[in-house]
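Here's the structure we're looking at; comments come further down.
Read-outs throughout are calculated quantities, based only on the coordinates presented, and are distinct from any laboratory measurement. Note that the coordinates shown come from a computational prediction; the quantities given were computed from them, not determined experimentally. A quick note on method: Cβ atoms are made from the backbone with ideal geometry, for glycine too, and the neighbour counts reach across all protein chains shown.
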Amino acid sequence: MNPNKFRNQYIARYTFLIFIITLGLNKVVCAQLSFVLEENTPSNVLAVQDLFSVDTKSTLMSDGTNAYKKGDYEAALTAFKKVTEMNPDYYDAWIGIGNSLFSLSRFNDAIEAFDATNEINPNLFEVWYNKGLALYFICKYDNAIKCFDNALILKPEYYEILNIKGMSLNKLTKYDEAIKAYEIALSVKPDFFDAIYNMACTYAFMGDKEKVSNTLSKLIQLNTSYKETLSKDPILKDYDILRQ
């Protein structure tokens, strides 16, 4: 064995032992960098435990985030759940759980995770938005709209939410309200294809052919290549403006 390496290891272990003894720790059980402590543990020892716990949570959050980015949602879910077991009020971990479940199409479970997040912090835009999307995908449009409205309180001009709010209203056949949502979205981003397209479809459902044609004209003005795509759309393909 390399004498210098042995000496360095000995010094490191000895230093750690002295550190623990100095703090007055009588019994330590180390598991995944987390101490299991007896009752009446001195506050300075609890401070050491907190340092290790923070480090562990940070590592697990990093593991979960990296797994999520790689598309390994099960691994991400496992990591985020471990964080909430250590600290049930760590809302970033609950967001990670909700997003992982959403990506696994486990929408009802995702909604429960987002609810847990809202109990800790009800002012998170991402949580209201993603909960609304989960509700939309399980066809609970009324509740989805409530979530989108809460998200819009935090970011009033987020045009993508205004668009999907319009889609939810459209599903409920509340066409006038849907049109209004699309109009607000377009006041923020006038060239937002999705909102213009959805508006045209809503006018089609309302039977207003003139407004359908006017709306389709706006899409074609944005990009003439849209005309060919729209001519194959099952809702809009029969309108004359797409045949000219």
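Taking 21 Å as the cut-off for C-alpha to C-alpha distance, list the pairs among LYS131/LYS232; LYS211/LYS232; LYS81/LYS155 that go past it.
Working: LYS131/LYS232 33 Å; LYS211/LYS232 19 Å; LYS81/LYS155 29 Å.
Cα-Cα > 21 Å for LYS131/LYS232; LYS81/LYS155; rest within.
Which peptide among 222-234, 116-128 comes first, and what is the full order, when sorted by highest mean count of other Cβ atoms within 10 Å? Mind dumping the intermediate values first?
On the way: 222-234: 12.5, 116-128: 17.2.
Ranking, from highest mean packing down: 116-128, 222-234.
Which of rounded, prolate or oblate describes region 158-244 when judged by the alpha-carbon gyration tensor and an a/c cut-off of 1.5? Mind showing how you got there, number by number?
On the way: a/c = 2.10, a/b = 1.36, b/c = 1.54.
It is oblate, given that a/c is not under 1.5 and a/b is not larger than b/c.
Mind ordering 66-76, 103-113 by average Cβ neighbours within 10 Å, highest first? Don't skip to the answer; put the middle values down first.
Working: 66-76: 15.1, 103-113: 17.5.
In descending order of packing, they fall as 103-113, 66-76.
Just to be sure I understand the model, the point goes 7 Å from the Cα along the line to the Cβ. What's the resulting SER225 to PHE205 distance in nm?
Placing both labels 7 Å along Cα→Cβ, they lie 2.9 nm apart.
Return the sequence-ordered ³J(HN,Hα) values of region 87-94 in whole Hz as given by the Karplus equation 6.51 cos²θ - 1.76 cosθ + 1.60 applied to θ = phi - 60°, using x for Gly and Pro.
So the J values, rounded to whole Hz, are 9, x, 9, 7, 5, 4, 5, 5.
Can you tell me the alpha carbon radius of gyration of region 72-182 divided by the globular rule-of-thumb value 2.2 N^0.38 Å? If you can, show how the numbers build up before the last one.
Working: Rg = 14.6 Å, N = 111, 2.2 N^0.38 = 13.2 Å.
Cα Rg divided by the expected 2.2 N^0.38 Å: 1.11.
List, in the order given, every pair from LYS165/LYS237; LYS146/LYS174; LYS171/LYS237; LYS146/LYS189; LYS140/LYS171; LYS165/LYS218 whose Cα-Cα distance in the structure shown is over 18 Å.
Values: LYS165/LYS237 25 Å; LYS146/LYS174 15 Å; LYS171/LYS237 21 Å; LYS146/LYS189 23 Å; LYS140/LYS171 10 Å; LYS165/LYS218 21 Å.
Where the Cα-Cα span goes over 18 Å, the pairs concerned are LYS165/LYS237; LYS171/LYS237; LYS146/LYS189; LYS165/LYS218.
Can you tell me the dipole magnitude for region 158-244 around its Cα centre, using point charges on the Cβ only (Lys, Arg +1; Asp, Glu -1), in Debye to the nearest 20? Write down the numbers at each step before the final one.
Numbers: 12 positive and 12 negative charges, 16 e Å.
Its charge dipole is roughly 80 debye.
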